[in-house]
1. Check ARG546, ARG539 and return the single one that is surrounded by 20 or more Cβ atoms within 10 Å (Cβ to Cβ), within 23 Å of ALA585 (Cβ to Cβ) and basic (Lys, Arg).
2. Inside the stretch 133-175, can you point out the residues that are over 21 Å from LEU210 (Cβ atoms) and touching a Pro at 6+ places or on another chain (Cβ under 8 Å)?
3. When you check ASP497 against the structure, is it under 24 Å from ASP432 (Cβ atoms) and of a type in the set (D, E, K, R), yes or no?
4. Test each condition in (1) open to solvent by 10 Å² or more (accessible area, probe 1.4 Å); (2) closer than 26 Å to HIS309 by Cβ; (3) in contact (Cβ under 8 Å) with a residue 12 or more places away in the chain for CYS412 and report the one that comes out false.
5. Restricted to the stretch 280-304, and to residues that are open to solvent by 10 Å² or more (accessible area, probe 1.4 Å) and closer than 18 Å to ALA201 by Cα, which residue is farthest from the ligand (Cβ to nearest atom)?
6. Taking the criterion of being open to solvent by 30 Å² or more (accessible area, probe 1.4 Å) and aromatic (Phe, Trp, Tyr), would at least one residue in the stretch 520-528 satisfy it?
7. Consider TYR266 against the criteria (1) within 16 Å of the ligand (Cβ to nearest atom); (2) closer than 25 Å to TRP148 by Cα; (3) assigned to a loop (DSSP other than H, G, I, E, B): it satisfies all of them except one. Which criterion is unmet?
8. Among the candidates ALA118, ALA96, ALA123, which residue alone is in a helix (DSSP H, G or I) and touching a Ser or Thr at 6+ places or on another chain (Cβ under 9 Å)?
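The values are calculated or read from the model by the stated rules, or taken from the named source; none is laboratory data. None of the values given here were measured: they were computed from a predicted structure. Every residue, glycine as well, gets a Cβ built from its backbone with ideal geometry; the counts of neighbours run over all protein chains shown. Surface areas here come from the heavy atoms of the whole protein model, side chains and all, with no ligands, DNA or RNA. Shrake-Rupley method; radii C 1.70, N 1.55, O 1.52, S 1.80 Å.
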Amino acid sequence: MTIEEALTSAASRNWIERGGTPATPGTGRLRPLGLREVTLRDGFWRQRQQTNRSRSFAHIEYWLEKAGWLGNFSAPPEERRGREFADTEVYKFLEAMAWEYGRTRDPEVARRYRAIVARVVAAQQPDGYLNTNFGRPGQQPRYSDLEWGHELYSFGHLIQAGVAAARTFGDDELVAAVVRAADHVCDVFGPGGIASVCGHAEIEPALAELYRVTGNRRYLEQARLFIQRRGHRTLDDIEFGRAYFQDDVPLREAESLRGHAVRAVYLAAGAVDVAVETGDTELLNAVARQWRHAVARRTYITGGIGSRHQDEAFGEDFFLPPDRAYSETCAGVGSIMLAWRLLLAQGDPRYADLIERVLFNVIATSPADDGTRFFYANTLHQRVLGTEPSADTQVPRATSTLRASWFEVSCCPTNLARTFAGLAAYVATSDDDGVQIHQYTASTIDTRLPDGRAIALEIDTDYPVSGRIVIRIARSPETPWTLSLRVPDWAAGATLDGLAITRGLVQTRRRFTAGETLVLDLPVRPRFVSGDERIDSVRGQTALVRGPVVYCLESVDVPGDVPLDGLRVDPNTEPVDRDGHVLAAFRATDPAAHDWPYQPLSAPAEGGPLMKIPLRPYHRWARRGPSTMRVWMPLTSER
Ligand SMILES: [Zn+2]
């Protein structure tokens, strides 16, 4: 089958009809559903998805024009603006528009998409090369800086946009350009070509996905080559060391995720894609092992990753200081990409547990309510009042203490845009015998099993406000099938129709009747948690979690002039749930002032009388003006 035939085949038309979906492995434990098979209804995520479309899209397009990054595609080389990877923000925005079109068929989105595609495609060279920063008179030669140039990374995002377009718009102008670009990459970096990799992974999952769309094994083989080559000290050493771009140890030998967090998870996602498509169980197991290690030892309570600012990187095991949490928004996006692929491959509900944590505590935290300001880094402890950057300035990436309109490196807003547009994809999956629900949000699922049996479900819930989830069977075949529900690892005491269930997956296999309901109750009551004692920076402290949502203490909620540093939380007083916040009991202490902050060991001060102070969801922080904030709170006394 030629690529043109593949792009117009029955399988391709089927995906378009189902609205497309961000990853479509050829094999695996679970199958993804399309963006038109799962519809979010009014609730936590639907609201954010709507804001993404109604506000963030226009905001992003405005800034791509204002910063000149869209204009770069038609500007002469001497007028090219932005960082070396600025093209990719345009590509990620195209991908976001494609998913949005897939789910809504919104003609205005299609019109804006086509206008931008025309400008991008016009910049492609006759041999398929496309990058506004290299190769033209006065610019560095092509592929002269694989460590920092981001050329293959840029191709990766271009290809991802084309993959999204193929699954939603079908065979169009962008898809044709992307096929030419991918052929160029294979020509230059294939067997006998440049035997190297890109400093920033991304081309790997992109090529594997393009293989899934086109059926052309050349792209899969190239993705496999890039995965194989990395880790053999192919790139030059840099100040951060080769672990920064995962070129220190071959992928299948590494013990954990390491180095630059976004690069690490994009690479691992590509490795899962390659492993699944080539039947490479050893590689799949290696990535799963590294994921488990990183989740157990290198992940913040929010699900965020990256605790070193200087290289935006994972630290050593248990190096997770709250006040230095980098936890880049993009690393959250990449972490979902990785966990989603592992979930599809292996079906383990722990992957969906992590996706939930990241969604509620990283993805929901970054954007302002109006969708036009964003956190780039997501600290867990803000010691000084931040300042709101002016709406029309680009700020350096991680220095903003409050949400900013745009960044000099503005990877996060466009990454959020494509995630929100494709969000419905992460709610549920199917297999030969039924449907699995992974994320709880008000939604409708309407799908067919591979044997043609039609199943429709309506999920009613205000989760995570309450943990009550009502699943109504709207359509069911006459024959038995299995409904699988994820019971999160925090949900001890969960029930299904009043009967106690264990955490993990609860599976019900029987004949269902249209109109019947199942009621899942997840106990979302607030609870104090402690960190592994090897996370020294949170020892002697506690955090409050309610369901999947991490809470925080903000100075705007503290009465009087008591600084956050002087508050100790009493773990023996039960926290009380109250209208969207949680009241916890604190005692104020007056930290003694010394000329030297290290003094002879003494018992901690007992503090003043108990006072109740509200804690708010961490994702709500800094929405009421500048405040100081902390997730981890010192305890009144050692328990
Ligand atoms: Zn980012």
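1. Working: ARG539 fails: surrounded by 20 or more Cβ atoms within 10 Å (Cβ to Cβ).
Just a single option satisfies the conditions, and that option is ARG546.
2. PHE134, GLY135, ARG136, PRO137, GLY138, GLN139
3. Working: under 24 Å from ASP432 (Cβ atoms): no; of a type in the set (D, E, K, R): yes.
Taking the combined requirement at face value, the residue does not satisfy it.
4. Here CYS412 clears every test but (1).
5. LEU284
6. So in the stretch 520-528, the residues open to solvent by 30 Å² or more (accessible area, probe 1.4 Å) come out as 521, 525, 527-528.
So of that shortlist, the ones also aromatic (Phe, Trp, Tyr) come out as 528.
Looking through the stretch 520-528, at least one residue is open to solvent by 30 Å² or more (accessible area, probe 1.4 Å) and aromatic (Phe, Trp, Tyr).
7. (3)
8. On the way: ALA118 fails: touching a Ser or Thr at 6+ places or on another chain (Cβ under 9 Å); ALA123 fails: in a helix (DSSP H, G or I).
Unique residue meeting the criteria: ALA96.
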